[in-house]
Amino acid sequence: MPTTLKYQEKDLKLVGTRPPRPDGVDKVTGRARFGADYNLPGQLIGKVLRSPHAHARIKSIDTAAALALPGVKAVVTRDDFAEMPDEMAAVGELMINFRDVTRNMMAREKALYDGHPVAAVAAVSESVARAALALIRVEYEVLPHVIDVVEAMQPGAPLLHEDQFTVGVKPKPERPSNIAKRLEFGRGDVAAGFAQAEVIVEREFNTKPVHQGYIEPQACLASYSADGQAELWTSTQGHFVFRAQCAKVLQMEVSKIRVTPTEIGGGFGGKNNIYNEALAIALSRKSNRPVKMVMTREEVFRGTGPTPGANVKVKLGCTRDGRITAAQAELNFQAGAFPGSPVNQASMCAFTRYDLANVQVVGNDVTVNRPKVAAYRAPGAPIAVFGVESVVDEMAKKLGIDPIEFRLKNAAKEGTQTYYGPRLGPIGYIQTLEAARAHAHYRAPLGPNQGRGVATGFWFNIGNETTCALNLQEDGTLTLMLGTIDVAGGSRAAMAMMVAEELGIEFERVRPVVGDTAALGFNFLTAGSRSTFASGMASVIAARQVIEKLRARVAKIREVPLEAVAWKDGQARPAEGGGAQFAPMTLAEIAKMAGKTGGTIAGHAEINAQGAGPGFGTHIVDVEVDRETGWIRILRYTVVQDVGKAIHPAYVEGQLQGGAAQGIGWALNEEYFYGDDGVLQNPGFLDYRMPVASDLPYIDTVIVEVPNPNHPYGVRGCGEVPIIAPMAAIANAVENAIGLRLFAQPFSPPRVLKAIEDAAAARD
Amino acid sequence: MSRNHVSTTVNGDRVEFLCETGQTLLEALRDELRLTGTKEGCGTGDCGACSVTVDGRLVCACLMLAVEAEDKAIQTIEGMAAGEALHPLQKKFIEHAALQCGICTPGILIAARALLERNPDPSESEVRYWLAGNLCRCTGYHKIVDAVLDAAREMRGA
Amino acid sequence: MRYEAPKTLEQAIALLAGANGQAKVLAGGTDVLIQLRSNRAAPDLLVDIKAIPEMKSIVADAGGYRVGAAVTCMELIENETFARAWPGVVDGVKYIGSVQVKGRATMGGNLCNASPAADSVPALIAAGAVAQIAGPQGRREAPVEDVVLGPGRTSLAPGELVVSFVLPRRAPHSGDAYLRFTPRTEMDIAVAGAAVNLTLDGKGVCSSARVSLGAVAARALLVPAAAAALVGTKVDEAALARLAAAASAACKPIDDKRGTKEYRIKVAGVLARRAAKIALERARGQG
Amino acid sequence: MARVVLSSALAPYTDGELELELDVTNVRQLFKALAERYPDLRDHLEAGIAVAIDNEIYQDALLQPIAPDSEVILITKIAGG
């Protein structure tokens, strides 16, 4: 089966239009069922006991009193799960080690962060389950902890894993370290590049972890039968991946677990890995009852996500006429309690927007006493790009060159050699810069204390394992069974549109559904902006298969050669020059006869999609700064992005707007506050300040379409790129508003005011 | 644990249920009455996903005890459409792509209806401030605001 | 945990006073329910006061107002005559959470929850509001600034509850305003808040003023020195600068997730100055 | 012989060697040859490595053909949120 379908330009009837989404009515009427909306007769409620310490050895766990409480049906602890081998696997996000997966879902030797699960109970009601948690006695030996990435890298810092030696350094270290891995990317000779430079800017930046902030807390329902089969309903970005992880840590056969994905109330990378799912199955196995587990918002903040906080150093060298001669960065990323931050992706995204001869990026993956980081929309890229695009902006200003002009002078284009490996194929970076420069926003007047900022982002986009099935039903309608989760972006609509376009029929005649893990073969997560690209490609393959089968069937029915049958506008018709005339047959007519002429007709695809097309975006933002309070108001925002092809432009705009809004929240006020004891102090939406409607302006979008040659409709993917640039764009806008550069995220009012006052004091 | 008997009206239907004193209206709606269209996003009144109206007043169902619902008239998302006919807000949300994952959508629709009942012609800013209690993480609010303004226009007959 | 919804004040007091174990008053519940959920409160008895008519009414009284402690924020905001008389108090009430929260929350609850950052409290203090309190020993009155002692602590005796707030008759050419600072435009807790209530004489000179600050000390502060900076002036820039300095000087804040000490001190002055300008505009615009 | 270029991120596992020529006709053979030559690289290959064959990136594509005149670049795998 092909793993890439080449782009073909053609007249489009459906692709590019805005039909209503198939899940729309269910979602506006309350009928759509999310994770917490599933119930089974006789179900128990499962709750998790979490460590109140950032770092502690678990000396003993006594569950006797909890088990004795009436209504408690099962308790699980570390003793209920097998030790897993040290085995890396690509089934999850950011590479996972099963030894860590089993420890993250349930602490073993040590609790490694505030909120780390240490036991779970299943009881007849929520209140009984809560009462049971209070009866579990855990004896802790509290250890010194470390949550700051730079502190954690120092020799002598409290060690999370005594057996962790830094990978990627020669010679192999003799002492354990919190630095799990060091990696280095580069090309050319940076020392020589800096020697050629006439202007050098070198800066250091710091960011805090931020949470994905999906509104639906993790929720699942598990039912284990005495015959060794389990069913699981869960809110996930990848039900096949969750099944694989559960099977592994529970030592079950993959096919004995059937996972049905529920509607997902936001994920953004945060629902790529299991948390409660394996616990729920284990509790169900032990109690012989279905077990439902729904996280509270506090648990979501203490136990899941976030994206890492980081320390970033960037150095850029340039000639006076604005050509970058050398670029260097050091990225020190928090991994949380277990290795596996997105420092790798961040390193590769840091400078890829530019055509550079001399580059060096060093990344460190550092364990700290915080929840294990999860993916978050373009994982790691916004952090690196905040530093790089801030320095690029400062450089442009130093050289007296317009910031878009400076970027155009150095922009990556087709054929540009990347510093992580291949040359770039056809890309639309320059087109986004030019569209931004031509946009009215870029020339609009500004008032006092107002400033405009520009920044750009790049994301690879990905393909990966994907399956689907397209079944012709007896009335001529079709069901499209997809294996990738529609995480919100409306991918079900997009796939159905592509299938309908291929078949030349109305969108409404294709009913897209997401199948459970028993319905299809393995699918990777919906992540990395892959779904519309990869699942779209699979859907097109399935549709073309169906068309071929339809033609063959009509040839038999009409008793003409296959070449004489063409498929056009939803009908089998005599092919031009095919040499045979016959009465055309509609899809409905064929479907009606299908059962009596050889059986029903279906197409299916099982691919590992290759050829994802990189995405680039340019953002423009206007801000106003209140110099007396340090408060930043976002006045106007424009996102320009190359998406390859917008299958459903309204949903593409939604991705661009939503990504930008998340980036704005990241920039302005989102952060975790930890006490000196390493305990999270703001595990709720009141003090974890995500943007509300009145914090934001309209977010304008400009969709640029430079087709990806490796997708039949030119799709690149669009979900990741829009979150990358906002932090830097806002920092650059603040600098233009008040002449002050911000080096630490978030740009919260107390920090901004302090920076203003420090700058004033420095001037005096 | 003794449970309280509550008799109330939900979407015009007389209903009865038993609840613990500490149980919220949200828990009663979802767990006792199986009306799961009202969502829990935070349980602390900070996200608005559980927005319902009680005697016409917009509230968070997570911040009201179930026992307080005695003899009240409660409206949830399940009562918004009239049979098969969607409310103009519901139609406009679909038309404007004002929903993505949809978990905040029921709460936002209930809140938006409460706004339009008081103020049939709100400004963009009024919509944004009224909906400030309803977090959405997917959309950036752009299309939500547009959908509410367009629904208001249609409902005014403008 | 038992739930009672008495229909008279006397019954409510009897329940609170006679409770076996801990009893808690339930008004809007927007703080109490969160405390229950997080196990920060585990009372044996909840006394819901919303069925008591006196606590649910807004009464224009001798030129002033008596506002029941269990009147919801939205009910108060929607009372147009009250909003005209005491726009600063309504400013404060409007900041108490989302529309949803304000549909339940009350000024009585906002006061008795005894958070230093309660948004309606500085405005009530600046307005010179008096809390009417009832308990087993009968009724008494106390200025609002005397009700809260510190975070989570009030001067209410066991069995006592706040029944209503009395706002005095408005002198001509009076205006009040409350401003707070939060990182977000809405859905946030005040990092600092300032309320100013002032009266002008016929020549536009400030004849009396009250200034109150929130979230900058263990409880909302009445700051006479800040008010003194305005009295006898035309509320010009120099007076406003003295007001801001006096307001900042009165702060005794803490560092926390919502702001630093230095930030709160600085911003309290800024807010006092800005609130005074709004109050001035309102006083000038009022017959 | 295909020209094989390793991303500099892999240098610690190959004693710094970053370019070589190998007689392989698909990705699986490539990985096998590399694992024999650089034992430290073995654990990273199937789980964490993608290849760019003549500038097209392939992930998890063991049977992807490699032409004799191809340039193959080994890069670290990419995922996303």
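The values are calculated or read from the model by the stated rules, or taken from the named source; none is laboratory data. These numbers were taken from a predicted model, which means no experiment stands behind them. Here the Cβ positions follow ideal geometry from the backbone for every residue, glycine too, while neighbour counts run over all protein chains shown.
Where residues in the range B:122-134 are assigned to a loop (DSSP other than H, G, I, E, B) and within 14 Å of chain C (Cβ to nearest Cβ), which of them is nearest to B:Cys42 (Cα to Cα)?
B:Asn134
Quickly run through the range C:2-26 and pick out the residues that are hydrophobic (A, V, I, L, M, F, W, C) and surrounded by fewer than 17 Cβ atoms within 10 Å (Cβ to Cβ).
Matches in the range C:2-26: C:Ala14, C:Ala17.
Filter the range A:473-502 for residues that are surrounded by fewer than 23 Cβ atoms within 10 Å (Cβ to Cβ) and at negative phi and give the result.
Correct list: A:Gln473, A:Glu474, A:Asp475, A:Thr477, A:Thr479, A:Met481.
How about the range C:57-77: which of its residues are surrounded by fewer than 19 Cβ atoms within 10 Å (Cβ to Cβ) and under 15 Å from C:Arg104 (Cα atoms)?
If the condition is that a residue be surrounded by fewer than 19 Cβ atoms within 10 Å (Cβ to Cβ) and under 15 Å from C:Arg104 (Cα atoms), then C:Ser57, C:Ile77 are the ones that fit.
Condition check ((1) in contact (Cβ under 8 Å) with a residue 24 or more places away in the chain; (2) within 14 Å of chain B (Cβ to nearest Cβ); (3) in contact with an Asp or Glu (Cβ under 7 Å, 6 or more places away or on another chain)) across all residues:
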residue	(1), (2), (3)
C:Ala157	no, no, no
C:Arg169	yes, no, no
C:Arg180	yes, no, yes
C:Leu198	yes, no, no
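Of the numbered conditions (1) crowded, with 24+ Cβ neighbours inside 10 Å; (2) free of Cβ contacts under 8 Å to residues at least 12 places away in the same chain, C:Ala129 satisfies every one except a single condition; which is it?
C:Ala129 satisfies all of (1) crowded, with 24+ Cβ neighbours inside 10 Å; (2) free of Cβ contacts under 8 Å to residues at least 12 places away in the same chain except (2).
Have a look at B:Arg57, B:Arg137, B:Arg113 and point out the one that is facing chain C (nearest Cβ under 9 Å), among the basic types (Lys, Arg) and either in contact with a helix residue (DSSP H, G or I) (Cβ under 8 Å, 6 or more places away or on another chain) or surrounded by fewer than 24 Cβ atoms within 10 Å (Cβ to Cβ) (or both). Break it down into steps so the answer makes sense when it comes.
Working: B:Arg137 fails: facing chain C (nearest Cβ under 9 Å); B:Arg113 fails: facing chain C (nearest Cβ under 9 Å).
Result: B:Arg57 is the single residue among B:Arg57, B:Arg137, B:Arg113 that is facing chain C (nearest Cβ under 9 Å), among the basic types (Lys, Arg) and either in contact with a helix residue (DSSP H, G or I) (Cβ under 8 Å, 6 or more places away or on another chain) or surrounded by fewer than 24 Cβ atoms within 10 Å (Cβ to Cβ) (or both).
Looking only at the range C:258-267, which residues are more than 19 Å from A:Ile756 (Cβ to Cβ) and surrounded by fewer than 16 Cβ atoms within 10 Å (Cβ to Cβ)?
Listed by number, the list is empty, since nothing qualifies.
So is C:Ala171 of a type outside the set (Phe, Trp, Tyr) and part of a loop (DSSP other than H, G, I, E, B) or not?
On the way: of a type outside the set (Phe, Trp, Tyr): yes; part of a loop (DSSP other than H, G, I, E, B): yes.
Considered against the rule, which asks whether it is of a type outside the set (Phe, Trp, Tyr) and part of a loop (DSSP other than H, G, I, E, B), C:Ala171 comes out as yes.
Please give the number of the condition A:Gly603 fails out of (1) more than 13 Å from chain B (Cβ to nearest Cβ); (2) part of a loop (DSSP other than H, G, I, E, B).
A:Gly603 satisfies every listed condition except (2).
Scan the range D:39-54 for residues that are modelled with pLDDT of 90 or more and facing chain A (nearest Cβ under 8 Å) and jot them down.
The one that is modelled with pLDDT of 90 or more and facing chain A (nearest Cβ under 8 Å): D:Ala52.
So that you can scan it fast, the table gives a plain yes or no per residue for (1) closer than 26 Å to A:Arg751 by Cα; (2) in contact with a strand residue (DSSP E or B) (Cβ under 7 Å, 6 or more places away or on another chain); (3) modelled with pLDDT under 95:
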site: C:Ala171; (1), (2), (3): no, yes, yes
site: C:Ala192; (1), (2), (3): yes, yes, no
site: C:Ser208; (1), (2), (3): no, yes, no
site: C:Ala227; (1), (2), (3): no, yes, no
site: C:Val231; (1), (2), (3): no, yes, no
site: C:Ala241; (1), (2), (3): yes, no, no
site: C:Ala245; (1), (2), (3): yes, no, no
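Scan the range C:174-208 for residues that are part of a strand (DSSP E or B) and crowded, with 18+ Cβ neighbours inside 10 Å and report the count.
Total satisfying the criteria: 18.
Looking only at the range B:60-87, how many residues end up being more than 8 Å from every other protein chain (Cβ to nearest Cβ), under 15 Å from the mean Cα position of the chain (by Cα) and not in a loop (DSSP other than H, G, I, E, B)?
5
I need the full set of residues from the range A:731-749 which are in a helix (DSSP H, G or I) and either surrounded by fewer than 23 Cβ atoms within 10 Å (Cβ to Cβ) or away from chain C (no Cβ under 14 Å) (or both), in order please.
Residues satisfying the conditions are A:Ala731, A:Asn732, A:Ala733, A:Val734, A:Glu735, A:Asn736, A:Ala737, A:Ile738.
Going by the conditions given, is C:Glu186 under 30 Å from C:Gln286 (Cβ atoms), within 14 Å of another protein chain (Cβ to nearest Cβ) and acidic (Asp, Glu)?
Answer is yes for this residue.
I need a count of the residues in the range A:412-430 that are buried (at least 21 other Cβ atoms within 10 Å of the Cβ) and either in contact (Cβ under 8 Å) with a residue 24 or more places away in the chain or β-branched (Val, Ile, Thr) (or both).
7
Any residue that is within 14 Å of another protein chain (Cβ to nearest Cβ) and modelled with pLDDT under 95 - is there at least one of those in the range A:446-460?
There is at least one residue in the range A:446-460 that is within 14 Å of another protein chain (Cβ to nearest Cβ) and modelled with pLDDT under 95.
Please go through the range A:197-250 and pick out each residue that is in contact with a strand residue (DSSP E or B) (Cβ under 9 Å, 6 or more places away or on another chain) and hydroxyl-bearing (Ser, Thr, Tyr).
A:Thr207, A:Ser223, A:Tyr224, A:Ser225, A:Thr234, A:Ser235, A:Thr236
Give the residue that is surrounded by the fewest Cβ atoms within 10 Å (Cβ to Cβ), with candidates limited to residues of the range B:88-110 that are without any contact (Cβ under 8 Å) to a residue 40 or more places away in the chain and not small (Gly, Ala, Ser).
Per the stated criteria, the residue is B:Ile94.
How many residues does the range B:43-54 hold that are at the interface with chain A (Cβ under 7 Å from one of its Cβ atoms) and surrounded by fewer than 24 Cβ atoms within 10 Å (Cβ to Cβ)?
1
When the residues of the range A:401-429 are narrowed to those that are closer than 14 Å to A:Val454 by Cβ and among the hydrophobic types (A, V, I, L, M, F, W, C), which ends up farthest from the chain's Cα centre (by Cα)?
Among those residues, the one meeting the criterion is A:Ile401.
Tell me the residue from A:Ala219, A:Ala132, A:Ala195, A:Ala191 that is buried (at least 19 other Cβ atoms within 10 Å of the Cβ) and out of contact with any Leu (no Cβ under 7 Å at 6 or more places or on another chain), please.
Matching residue, one of A:Ala219, A:Ala132, A:Ala195, A:Ala191: A:Ala219.
For the range A:43-59, give me each residue that is β-branched (Val, Ile, Thr) and within 23 Å of A:His161 (Cβ to Cβ). Lay out the reasoning, then the answer.
Within the range A:43-59, the first condition is being β-branched (Val, Ile, Thr), and the residues that meet it are A:45, A:48, A:58.
Result: A:Val48, A:Ile58.
Answer yes if at least one residue in the range A:699-709 is facing another protein chain (nearest Cβ under 7 Å) and at negative phi, and no otherwise. Before the answer, list the steps.
Taking the range A:699-709 and keeping what is facing another protein chain (nearest Cβ under 7 Å), we get A:699.
Subsequent filtering for residues that are at negative phi retains A:699.
Yes, because at least one residue in the range A:699-709 is facing another protein chain (nearest Cβ under 7 Å) and at negative phi.
Could you say which residue among D:Ile57, D:Ile73 is buried (at least 18 other Cβ atoms within 10 Å of the Cβ), within 14 Å of chain A (Cβ to nearest Cβ) and at pLDDT 90 or above?
Being buried (at least 18 other Cβ atoms within 10 Å of the Cβ), within 14 Å of chain A (Cβ to nearest Cβ) and at pLDDT 90 or above holds for just one of D:Ile57, D:Ile73, which is D:Ile73.
Among the residues of the range A:654-692, how many are over 28 Å from A:Thr532 (Cα atoms) and at the interface with chain B (Cβ under 8 Å from one of its Cβ atoms)?
4
Looking at the range B:84-92, can you tell me whether even one residue there is modelled with pLDDT under 95 and either more than 30 Å from A:Thr296 (Cα to Cα) or in the same structural domain as B:Gly45 (by TED's automatic domain parsing) (or both)?
Scanning the range B:84-92 turns up at least one residue that is modelled with pLDDT under 95 and either more than 30 Å from A:Thr296 (Cα to Cα) or in the same structural domain as B:Gly45 (by TED's automatic domain parsing) (or both).
Taking the range B:126-136, which residues are farther than 16 Å from C:Tyr95 by Cα and free of Cβ contacts under 8 Å to residues at least 12 places away in the same chain?
Residues satisfying the conditions do not exist here.
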